[in-house]
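K.L.:
Below you will find the structure I want to go over with you.
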Amino acid sequence: MSASLQSLRGTVERITFYNEENGYTVARFIPEGKTLPITIIGNLLGVNVGEALLLDGVWIKHPQYGAQFEIKRFATQLPATIVGLKKYLGSGLIKGIGPVTAERIVNHFRLDTLDVIERDLERLREVEGVGAKRIAMIRRGWNEQKQIKEVMLFLQSHGVSTALAVKIYKAYGDAALTIVRTDPYRLARDIWGIGFLTADKIARALGVQPDDPARIQAGARYVLGKFSDDGHTFATRADLIREAGAALDASAELIQTALDSLRAAEEIIVEDEAVYLAPFYYAEIGVVNRLAQIRASPHSRLTEFRTLDWQTAFEWIATKSQIALTEKQQAAVQVALTAKISILTGGPGTGKTTSVRALIQLLKAKRKTFKLAAPTGRAAKRLSEATGEPAQTLHRLLEFKPFEGNKFARDRENPLDADLIIVDELSMIDLLLMNALLKAIDITSHVLLIGDPDQLPSVGAGNVLKDLIAAGVLPVTALDTIFRQAETSLIITNAHRINRGELPQFPPAARDFFLFKEDDPAQAARRVVELVKWRIPHKFALDAIADIQVLAPMHRGAVGVAELNHALQDALNPAEEGKAEWRHGSRILRVGDKVLQTRNNYTKSVFNGDLGRVTTLDAEEQQLIVNFDGTSVMYEFAEADELTHAFALSVHKAQGSEYRAVVIPLFTQHFLLLQRNLLYTAVTRAKQLVVLVGMPKAISIAVRNDKIAQRNSRLAQRLRAPTQPAPNGARYG
């Protein structure tokens, strides 16, 4: 050991900060023989509250936080004190033992506790409240923890967090170490939350050379995936080789060789200078071909509407339902019932929902069947409330089967049985989901696609709505008249002003659209908390958590999503005696928290963007329950990284949702994301109230910036061209 290093033994009392990406930790630590904690900083991968550690490091003096012990290396040791044992066992380390049970076990067995658990577990029956069922749970948890610790010892120096080590073990079981050692890049393919960069760290530490073909192929696949994450369905060969070369520090020749291998394995498709991950290529071809097949078929389930007396029909609707349609709305209804596939667009307050209600009236009058669907649960709920008819998510409509290979039960061989399929919020639908939807459409059915092309595009790859419109091969009805009842809403009028490139107005007598000017981001964050907690609920009789949503352009910074979530959680759902909570690193999940699902989890039937509230948190069972619009979903603690706090959201995550009130912080520090479509999307999420907090200059920048990042897509181009065969005779979509 270097003479400059000092050693400390003691116990972790509290973890103040933990970075999931690299394991950097700030914690409070009680050295042996001391009563007051010190601050320790450094890499503490896999360490839990209550664990005993041997630390080697140096003392440093931080100008703001004072003396800190900087860790150079550490080793875990079993706790040797009663207090340490209670914290260790009560930390959630072992399923079946929470703080209460840990207290009872340690009080009974004292310093022999760990020896009893390891060698004579049945003796736990001597402890009040511990029966056969809990002993079986503890036995499984203890054995699993030993296996995970073995994996952790191996992974600890390679940048893998405890949560990911648990996932690796649960994915591969006893084969985990073998797989990690022999095929580390498999982790990036198999396990959500482990990307190429983490797998590459492990591989390099295991001796994989920088120019190893397996590394270059995995890296090229990763970089191409990043293009997809940014919305592109393909990358140009030149861009891909340049980006992959930079990411891997590899030559263009090595990258091209890797691409040739991936192409031979049919993992990628190369079409002249466009390089696709195979699913996106086949989806693009599949959408084009299926649209052509549906449109070309002479058979229609709605044939009688082709000879309908439309003037009489619209007069009947006006009399029966007091719905007086404009000429464009009438055209939208007529084309939906006579053309096999049509598109209806328009901004807020232009009557899209009214048109759909009229359409449904005619379908019912002719005893025709229809189905309503939208990409997310919240969007489907909005559609159902607006039309008075049941609506589903697209995954439910298509009957997704997570236990049968992640496939949809509805496809060409088992199409949807409906005369008309109505799909709302099309701007949110990515290319892969659009392909799945069209495959499930019966060739005799009609399809009405509804969306607002001026909103943000889908989170997933593709630009489906804009491409369908730009191709010019489908009938499109664009509603552009704001109805009188909407004209009184500044939300509606300002949304349209923003969309036209005009600044929103803030008249003194405004009732639903306000600006609080702030130049300092930290002060603005405090203003946001004040508005959400006190001012808006009191003035408008709204619930601070259920009715008000903060929408921020960025994730980082004082007025970014992350910091606002910390501040809003402290203000709206603070820690209280008896309120269950679970700390994972620096993140605390608490009963009552508003949370967001961050990935599609088909096993649980919850999807990226779903909002819920934590209703139950059980440290002993290591489980929490989240209520999503009336449906309770259980998560193991190891799965909780799928959830993030949702007191504040990014605007992208709010797509398809509607809230009674939105609060939007806007600052010039958000410059890269200040775009017209982002502000327009944020404003149109509100039903009753919009409050902007920040700098008028930032609003001006956003309104003027209509330069939307282009996405690589050939969908519009293909729609205008004849059908093309897939390479190598592969089947479409």
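K.L.:
Quick one: residue 207 ticks every box in (1) open to solvent by 10 Å² or more (accessible area, probe 1.4 Å); (2) assigned to a loop (DSSP other than H, G, I, E, B); (3) touching a residue at least 60 places away in the same chain (Cβ under 8 Å) bar one, so which box is it?
P.N.:
(3)
K.L.:
Can you tell me how many residues within region 70-123 are open to solvent by 80 Å² or more (accessible area, probe 1.4 Å), touching a residue at least 40 places away in the same chain (Cβ under 8 Å) and part of a helix (DSSP H, G or I)?
P.N.:
Number satisfying all stated conditions: 2.
K.L.:
Also, quick follow-up: Does residue 386 meet the test of being buried (at least 22 other Cβ atoms within 10 Å of the Cβ) and either at pLDDT 90 or above or part of a helix (DSSP H, G or I) (or both)?
P.N.:
The answer is no for residue 386.
K.L.:
Can you tell me which of (1) under 28 Å from residue 686 (Cα atoms); (2) in contact (Cβ under 8 Å) with a residue 60 or more places away in the chain; (3) not in a loop (DSSP other than H, G, I, E, B) is the one residue 457 doesn't meet?
P.N.:
Tallying (1) under 28 Å from residue 686 (Cα atoms); (2) in contact (Cβ under 8 Å) with a residue 60 or more places away in the chain; (3) not in a loop (DSSP other than H, G, I, E, B), residue 457 fails exactly one: (3).
K.L.:
Which condition from (1) touching a Lys or Arg at 6+ places or on another chain (Cβ under 9 Å); (2) surrounded by 13 or more Cβ atoms within 10 Å (Cβ to Cβ); (3) over 30 Å from residue 6 (Cβ atoms) is the one that residue 58 breaks?
P.N.:
All conditions pass for residue 58, except number (3).
K.L.:
Same structure, new question: Within region 483-499, does at least one residue satisfy the condition of being under 30 Å from residue 234 (Cα atoms), under 32 Å from the mean Cα position of the chain (by Cα) and buried (at least 18 other Cβ atoms within 10 Å of the Cβ)?
P.N.:
Yes, region 483-499 has at least one match.
K.L.:
I've got another one for you. Determine which member of the set 444, 493, 481 is assigned to a helix (DSSP H, G or I) and either touching a residue at least 24 places away in the same chain (Cβ under 8 Å) or within 19 Å of residue 348 (Cβ to Cβ) (or both).
P.N.:
Matching residue, one of 444, 493, 481: 493.
K.L.:
Moving on. State whether one or more residues within region 127-138 are touching a Pro at 6+ places or on another chain (Cβ under 6 Å) and either touching a residue at least 24 places away in the same chain (Cβ under 8 Å) or closer than 27 Å to residue 5 by Cα (or both).
P.N.:
No, region 127-138 contains no residue that is touching a Pro at 6+ places or on another chain (Cβ under 6 Å) and either touching a residue at least 24 places away in the same chain (Cβ under 8 Å) or closer than 27 Å to residue 5 by Cα (or both).
K.L.:
Considering only region 353-369, I want to know if a residue exists there that is open to solvent by 20 Å² or more (accessible area, probe 1.4 Å) and under 18 Å from residue 455 (Cβ atoms).
P.N.:
Looking for residues that are open to solvent by 20 Å² or more (accessible area, probe 1.4 Å) and under 18 Å from residue 455 (Cβ atoms), one finds at least one in region 353-369, hence yes.
K.L.:
Let me ask something else about it. Just need a number here: residues in region 317-343 that are touching a helix residue (DSSP H, G or I) at 6+ places or on another chain (Cβ under 8 Å) and open to solvent by 30 Å² or more (accessible area, probe 1.4 Å).
P.N.:
Looking only at that region, the number is 6.
K.L.:
Among the candidates 215, 181, 263, 237, which residue alone is without any contact (Cβ under 8 Å) to a residue 12 or more places away in the chain and either farther than 30 Å from residue 716 by Cβ or out of contact with any Lys or Arg (no Cβ under 9 Å at 6 or more places or on another chain) (or both)?
P.N.:
Unique residue meeting the criteria: 263.
K.L.:
Then there is this: Select, from 445, 427, 489, the only residue that is over 23 Å from residue 683 (Cα atoms) and of a type in the set (S, T, N, Q).
P.N.:
Result of the check over 445, 427, 489: 445.
K.L.:
Report, by residue number, each residue of region 210-241 that is in contact with a helix residue (DSSP H, G or I) (Cβ under 7 Å, 6 or more places away or on another chain), loosely packed, with under 15 Cβ neighbours inside 10 Å and assigned to a loop (DSSP other than H, G, I, E, B).
P.N.:
211
K.L.:
Restricting to region 249-281, give me the number of residues that are among the hydroxyl-bearing types (Ser, Thr, Tyr) and over 21 Å from residue 210 (Cβ atoms).
P.N.:
Looking only at that region, the number is 2.
K.L.:
Conditions first: (1) farther than 16 Å from residue 657 by Cβ; (2) at pLDDT below 90; (3) of a type outside the set (Phe, Trp, Tyr). Residue 380 passes all but one, so which condition is the exception?
P.N.:
With respect to (1) farther than 16 Å from residue 657 by Cβ; (2) at pLDDT below 90; (3) of a type outside the set (Phe, Trp, Tyr), residue 380 is out only on (1).
K.L.:
Which of the residues spanning region 678-702 are of a type outside the set (A, V, I, L, M), open to solvent by 10 Å² or more (accessible area, probe 1.4 Å) and either within 17 Å of residue 560 (Cα to Cα) or part of a helix (DSSP H, G or I) (or both)?
P.N.:
Within region 678-702, 696, 697, 700 qualify.
K.L.:
Moving on. Any residue that is under 40 Å from the mean Cα position of the chain (by Cα), closer than 27 Å to residue 352 by Cβ, open to solvent by less than 70 Å² (accessible area, probe 1.4 Å) and not polar (S, T, N, Q) - is there at least one of those in region 254-262?
P.N.:
Within region 254-262, not a single residue is under 40 Å from the mean Cα position of the chain (by Cα), closer than 27 Å to residue 352 by Cβ, open to solvent by less than 70 Å² (accessible area, probe 1.4 Å) and not polar (S, T, N, Q).
K.L.:
Condition first: closer than 18 Å to residue 570 by Cβ, over 26 Å from the mean Cα position of the chain (by Cα) and either small (Gly, Ala, Ser) or open to solvent by 30 Å² or more (accessible area, probe 1.4 Å) (or both). Now tell me which residues in region 525-550 satisfy that.
P.N.:
If the condition is that a residue be closer than 18 Å to residue 570 by Cβ, over 26 Å from the mean Cα position of the chain (by Cα) and either small (Gly, Ala, Ser) or open to solvent by 30 Å² or more (accessible area, probe 1.4 Å) (or both), then 526, 527, 530, 534, 535 are the ones that fit.
K.L.:
What pairs come out if I take residues in region 517-539 that are at positive phi and outside any helix (DSSP H, G or I) and pair them with residues that are open to solvent by less than 100 Å² (accessible area, probe 1.4 Å) and of a type in the set (Phe, Trp, Tyr) whose C-beta lies under 6 Å away, six or more apart or interchain?
P.N.:
Partner pairs satisfying both residue conditions: none exist.
K.L.:
Here are the criteria: (1) in a helix (DSSP H, G or I); (2) of a type outside the set (Gly, Ala, Ser); (3) exposed (fewer than 15 other Cβ atoms within 10 Å of the Cβ). Tell me which single one residue 266 does not satisfy.
P.N.:
Status for residue 266: all satisfied but (1).
The values are calculated or read from the model by the stated rules, or taken from the named source; none is laboratory data. All figures in this text were calculated on a predicted structure; none of them were measured in a lab. No Cβ is skipped: glycine too gets one built from the backbone with ideal geometry, and neighbour counts run over all protein chains shown. In case anyone asks, the SASA skips ligands and DNA or RNA and just uses the protein heavy atoms, side chains included. Shrake-Rupley method; radii C 1.70, N 1.55, O 1.52, S 1.80 Å.
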